[in-house]
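Structure, as structure tokens:
The values are calculated or read from the model by the stated rules, or taken from the named source; none is laboratory data. Values in this document were obtained by computation on a predicted structure and should not be read as measured data. Counting neighbours? That spans all protein chains shown, and the Cβs are built from the backbone with ideal geometry, glycine included. We work out accessible area using only protein heavy atoms, side chains counted, and drop any ligands, DNA or RNA first. Shrake-Rupley method; radii C 1.70, N 1.55, O 1.52, S 1.80 Å.
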There are 2 protein chains.
Amino acid sequence: MTENTQVLLKRQSDGVPVAADFELASAPIAAAGDGELQCETVYLSLDPYLRGRISGRHLSGAILPGDLMAGEAISRVIASEHPAFTAGDIVAAHSGWQSHPVVSGDAARKIDTSVGPLSTFLGILGMPGLTAYAGLLRLAEPKAGDTVLVSAASGAVGSLVGQIAKIKGCRVVGIAGAAEKCAWVTNVAGFDDVVSYKSGELRQELDRVCPDGIDVYFDNVGGDMLQAAMERLSLGARVVLCGLMAQYNTTEMPPGPNPAFIIKARATVRGMVVYDHEDLRDEMVQHVSQWLREGKIQYLEDRTPGLANAPEAFSRLMHGQNVGKAIVVVSDE
Amino acid sequence: MTENTQVLLKRQSDGVPVAADFELASAPIAAAGDGELQCETVYLSLDPYLRGRISGRHLSGAILPGDLMAGEAISRVIASEHPAFTAGDIVAAHSGWQSHPVVSGDAARKIDTSVGPLSTFLGILGMPGLTAYAGLLRLAEPKAGDTVLVSAASGAVGSLVGQIAKIKGCRVVGIAGAAEKCAWVTNVAGFDDVVSYKSGELRQELDRVCPDGIDVYFDNVGGDMLQAAMERLSLGARVVLCGLMAQYNTTEMPPGPNPAFIIKARATVRGMVVYDHEDLRDEMVQHVSQWLREGKIQYLEDRTPGLANAPEAFSRLMHGQNVGKAIVVVSDE
């Protein structure tokens with residue numbers, strides 16, 4: 001019989017995580033108890049917020065050495081002891097980095113596989129999708145004609161933010177890094193313009209592509225990119241603070257932009273945590289899956305085959321070397 | 001005949017302005033042209049935002065050496081060439097630091113002297129009043145039971161913010177400096193608690209007086225006080241950024257709080273400029289003057305007699321040595 005392969009955290013590190021910070025383990029596959037589902041993981045999601053959990057700083061709790069690495073996954077139900085599920089169902093659950101999880105049926109979400117590709121339920125139809133949808137439409141309230149700037153624009157959240165803003169009639173500018181990411185942002189995702197933070201001239205570039213200022217800034221990064229955007233806010237601008245990629249791998253809490261920029265622009269700055277917007281999930285899946293079927297939404301996936309390669313893929317993600325939503329293919333669909 | 005006494009800016013300085021940065025001048029009193037009012041200044045307002053104008057950094061424009069110092073004043077109309085005004089009317093206008101201004105009638109606001117003391121139209125019934133009223137009620141949307149923290153709590157804006165929040169059923173905590181200011185904030189203005197930023201233990205003090213976090217922070221200061229408040233925001237907190245006393249006298253733009261605090265609290269941070277809220281002025285005067293007549297609002301004035309003493313009074317204001325709204329008494333009511 002197949003074993004349950006797991007990836008555990010081996011040690012906490014202060015810098016960018018490396019593969020040696022994790023270790024593989026193996027255990028017998030557990031049976032499903034009452035109300036539980038015995039599952040086989042198909043796709044595992046790797047997300048930047050996990051960095052904070054490894055160092056104990058994320059609001060959803062710390063992962064300690066010896067613990068199973070946490071993460072959301074799409075799985076196939078092998079055996080169900082919960083009345084709402086049967087064998088063969090596809091579910092999303094926070095079942096962690098393991099091949100054969102047993103999860104509570106109450107904590108699993110059944111996936112309607114007819115509305116979009118399975119893996120997108122970890123991306124544009126999943127948590128990143130909800131983050132983009134709620135963050136942009138609920139918190140930033142974009143109006144047609146607004147200039148919307150998005151950082152990490154080729155990422156799972158950023159690319160969807162920009163494409164939804166385009167659908168809503170905004171002018172959309174992305175910030176990305178590598179040339180191939182920048183090219184995808186404009187050529188495939190259809191952003192109006194893109195600047196590379198690696199150009200060394202971020203401010204001049206932003207002045208060029210946002211000559212009338214920034215009406216909406218959707219920030220996934222923090223740090224100097226947030227500072228540069230804040231300096232260029234237009235009157236009544238809205239800023240959504242959604243991620244802090246620039247400081248996930250540091251132990252200190254670096255300062256932020258001077259408040260004068262917020263005052264000068266009479267801006268509204270809002271902190272975003274996706275868990276607060278669960279009520280929008282059905283609406284998001286309905287709209288985004290429809291846009292996807294209509295060809296209005298493009299997405300990129302960075303697929304890594306095999307659970308044993310998850311640590312290295314996570315390290316690449318934290319180095320910004322992934323191209324698109326980072327997913328580990330644990331078993332065949 | 002009396003001359004028009006004026007105070008001009010003599011030189012720009014980088015630090016806290018001193019009296020020698022200004023000079024007195026004298027000119028014949030001008031006649032009112034068509035549409036103008038010849039006035040006699042009664043009360044002149046000294047406001048922190050003038051510091052930014054001296055250094056050319058304020059959004060309402062720079063004051064250069066040789067220029068008349070700007071400022072709002074309450075004046076008596078001596079002669080009117082504008083159909084809406086007659087001699088003896090009391091008006092508010094941005095007529096500057098001079099004893100006998102000639103102002104455009106279209107830029108003057110007639111004062112209804114029946115609703116409150118004349119000088120309060122530079123304070124709680126004037127621009128600081130509108131700042132407090134609009135900033136708190138429109139931007140911070142306080143709910144009964146909220147813990148509202150206000151910096152510069154004995155100042156014109158801060159003291160009114162706190163008292164309106166009390167009227168709306170909030171628990172109100174102030175931050176002030178000198179012991180006499182702190183005492184006034186709780187004993188007279190009726191705040192629930194006060195902490196002194198001079199205690200050297202601001203964070204411990206805030207933990208003590210805001211044990212459940214801060215629901216609304218109304219910031220007039222910036223700097224470390226803003227940082228300390230941001231660290232203690234409760235979920236869904238609202239922060240109004242209204243003033244930057246901590247950096248008015250510096251030439252650099254110091255950094256602000258790390259964005260993680262805004263994300264963690266899912267906070268909404270809004271930049272406030274009073275000019276955007278002129279539409280609330282009549283409502284503000286109506287409500288605040290009624291609260292004043294009902295004895296629900298206390299206010300402090302720091303009066304300096306004589307226009308020639310305005311520079312020294314302004315320097316005291318910028319050192320935080322004023323106690324209450326800084327007003328220069330230019331002539332008798």
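Hey, any idea what Rg/Rh is for chain B, computing Rh the Kirkwood way over Cα pairs? Ratio of gyration radius to Kirkwood radius: 0.98. Between B:V239 and B:Y217, B:T268, B:V269, B:R270, the built amide H atoms are under 5 Å apart, and every one of these is 5 or more places off in sequence or on another chain.
Surface composition of region B:1-57: carbon and sulfur make up 49 percent of the accessible area, probe 1.4 Å. Solvent-accessible area of region B:227-270 (1.4 angstrom probe, protein heavy atoms only): carbon and sulfur portion equals 56 percent. Between A:D207 and A:K168, the FRET efficiency estimated from the beta carbon spacing at R0 = 35 angstrom works out to 0.90. Working from label points 7 Å from Cα in the Cα-to-Cβ sense, the B:E3 to A:D34 distance is 9.8 nm.
Among the listed pairs A:K110/A:K198; A:K264/B:K10; B:K10/B:K296; A:K296/B:K143; B:K166/B:K264; A:K264/B:K264, those whose Cα-Cα separation exceeds 32 Å are A:K110/A:K198; B:K10/B:K296; A:K296/B:K143. Under the classification rounded if a/c is under 1.5, otherwise prolate if a/b is larger than b/c and oblate if not, where does region A:120-273 fall, given a ≥ b ≥ c as square roots of the Cα gyration tensor eigenvalues? It comes out rounded by the Cα gyration axes. Largest mean-square fluctuation among B:G162, B:G295, B:G15, in a Gaussian network model of chain B whose springs join Cα atoms under 10 Å apart, belongs to B:G295. Which of the GluC sites (Glu not before Pro) found in region A:237-294 are in a DSSP loop and have at most 13 neighbouring Cβ atoms, other than their own, within 10 Å? Here the GluC sites (Glu not before Pro) that fit, given the DSSP loop and packing criteria, are A:E252, A:E294.
Computed from the Kirkwood radius of its Cα pairs, the Stokes-Einstein diffusion coefficient for region B:199-238 at 20 °C and 1.002 mPa s stands at 207 µm²/s. Ordering B:M284, B:V328, B:L300 by Cα displacement along the dipole of region B:284-333 toward the positive end leaves B:M284 in first place; charges were set at the Cβ atoms of Lys, Arg (+1) and Asp, Glu (-1). Averaged over its residues, region A:172-276 has an accessible area of 37 Å² per residue, based on protein heavy atoms and a 1.4 Å probe. As a test, work out the antiparallel percent of DSSP beta bridges whose residues both lie in chain B, rounded to the nearest 5. Beta bridges within chain B, antiparallel portion: roughly 50 percent. Association of chains A and B removes close to 2300 square angstrom of accessible area from solvent, both sides included, for a probe radius of 1.4 Å. A Förster radius of 22 Å combined with the Cβ-Cβ distance from A:A25 to A:T113 puts the calculated FRET efficiency at roughly 0.10.
Search the structure for amide H atoms under 5 Å from the amide H of A:K325, placed 1.01 Å from N in the peptide plane, and list their residues when 5 or more places away or on another chain. The list, which skips near neighbours in sequence, is A:A156, A:L300, A:E301, A:D302. Residues of region B:242-261 buried by at least 20 Å² of accessible area upon assembly of all protein chains, compared with the chain on its own (1.4 Å probe): B:L244, B:M253, B:P255, B:G256, B:N258, B:P259, B:A260, B:F261. Of all the options B:A229, B:A189, B:A30, the one that moves most in a Gaussian network model of chain B with Cα springs shorter than 10 angstrom is B:A30. Ordered from highest to lowest accessible area with the whole protein assembly present and a 1.4 Å probe, B:D112, B:D21 read as B:D112, B:D21. Can you compute the label reach from B:K198? Point 7 Å from Cα along the Cβ direction, backbone N cut-off under 11 Å, restricted to region B:230-266. Taking a point 7 Å out along Cα→Cβ of B:K198, no residue of region B:230-266 has its backbone N under 11 Å. Heavy-atom accessible surface of B:T186, to the nearest 10 Å², is about 40 Å², with a 1.4 Å probe and all protein chains retained. Neighbours of B:A93, meaning other residues whose beta-carbon lies under 15 angstrom from its beta-carbon, give a summed charge of -4 when Lys and Arg score +1 and Asp and Glu score -1. Rolling a 1.4 Å probe over the protein heavy atoms leaves B:H287 with an accessible area of roughly 60 Å².
Annotation for B:E252 and B:V18: the two label points, set 7 Å from Cα along the Cα-Cβ direction, are 2.4 nm apart. Of the residues A:W97, A:W184, ranked by 1.4 Å probe accessible area with the largest first, the sequence reads A:W184, A:W97.
With contacts taken as Cα pairs under 8 Å at a separation of at least 6 residues, region B:1-81 carries a relative contact order of 37 percent. Taking every DSSP bridge with both residues inside the protein assembly as shown, close to 55 percent are antiparallel.
Averaged over peptide A:221-228, the number of partner chain Cβ atoms lying within 10 Å of each residue's Cβ comes to 1. Candidates A:T268, A:P254, A:G15 compared by Cα position along the dipole of chain A: farthest toward the positive end lies A:T268, with charges placed on Cβ.
With all protein chains in place and ligands, DNA and RNA left out, the 1.4 Å accessible area ranks A:E333, A:E3 as A:E333, A:E3, largest first. Computed on the Cα atoms alone, the convex hull of region B:281-333 gives a volume of 112 cubic angstrom per residue. Using the rule -39500 (n - 2.57) for each DSSP H run of four or more residues, divided by the residues of chain B, the 222 nm mean residue ellipticity is -6500 deg cm²/dmol. Taking every protein chain into account, the accessible area of region A:1-62 amounts to 44 square angstrom per residue (probe 1.4 Å). Heavy-atom accessible area for B:S114, with the other protein chains in place and a 1.4 Å probe, reaches approximately 90 Å².
Computed 3J(HN,Hα) for region A:223-232, one whole-Hz value per residue from the Karplus formula 6.51 cos²θ - 1.76 cosθ + 1.60 where θ = phi - 60°, is x, 5, 5, 5, 4, 4, 5, 4, 5, 10, glycine and proline marked x.
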